[in-house]
Amino acid sequence: MTDSNPKPRIALGADHAGYRAKEAIKRHLEKAGYEVEDLGTSSEQSVDYPDYAKAVAEKVARGEAALGIGVCGTGIGMAIVANKVQGVRAAVAHDELTARLAREHNDANLLTLGGRVVSEAQAARIVDVFLGARFAGGRHARRVNKISQVETGCGKRGGKTRPPGRSAP
Ligand code: RB5
């Protein structure tokens, strides 16, 4: 979001399997007035999805984009990688319901899509629903806070999680 554009800035990336869908999403978003930062890839030549997922996720984590969208063959690899970047809540959505609930319940800030799963038209509809939905807060805020606690308490900062109900050794 900038002073001159009230729509949020979107970071967008894809691997070769998501390239065509990414291009369609970019055209769709730019037509709707969004500022889109395209982080690649730029063709259907085979590349590694973690490179593009990381680039999109880091833009979101640094606040350089309000939201991110990553496309690979299934959306799964993009989501796995993006969720390793602190502060990112990536959700794969294959339909409008999961896209809406990812925002309303999970406060997802990065949407991932499967270019081999949804059509370009479906991808555009899913993106519209994701961008149009808002976090519902309330009980969901408590749960999202618990996600942050897991994130800061295990793995990513070298800590360890314990099974629920077990005391520290
Ligand atoms: C690439 O063939 C494919 O594995 C990738 O796009 C993605 O679907 C991984 O999750």
Hey, Thr112 buried (at least 19 other Cβ atoms within 10 Å of the Cβ), within 13 Å of the chain's Cα centre (by Cα) and of a type in the set (S, T, N, Q) or not: yes
Candidate set: the stretch 82-116, residues that are in contact (Cβ under 8 Å) with a residue 40 or more places away in the chain and aliphatic (A, V, I, L, M); chosen: the one nearest to the ligand (Cβ to nearest atom): Leu113
Residue check, Ala141 closer than 21 Å to Ala11 by Cβ and among the small types (Gly, Ala, Ser): no
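How many residues are surrounded by fewer than 21 Cβ atoms within 10 Å (Cβ to Cβ) and either in a loop (DSSP other than H, G, I, E, B) or within 16 Å of the ligand (Cβ to nearest atom) (or both) when one looks only at the stretch 121-146? Spell out the reasoning first.
Initial filter on the stretch 121-146 (surrounded by fewer than 21 Cβ atoms within 10 Å (Cβ to Cβ)): 121-122, 124-125, 128-129, 131-146.
When the remaining residues are screened for being either in a loop (DSSP other than H, G, I, E, B) or within 16 Å of the ligand (Cβ to nearest atom) (or both), the result is 133-138.
Of the residues in that region, 6 qualify.
The numbers here are math on the coordinates, done by the rules we state, and not lab data. No experiment lies behind these values; they were computed from the predicted model shown. FYI the Cβ positions are ideal-geometry reconstructions off the backbone, even for glycines, and counts take in every protein chain you see.
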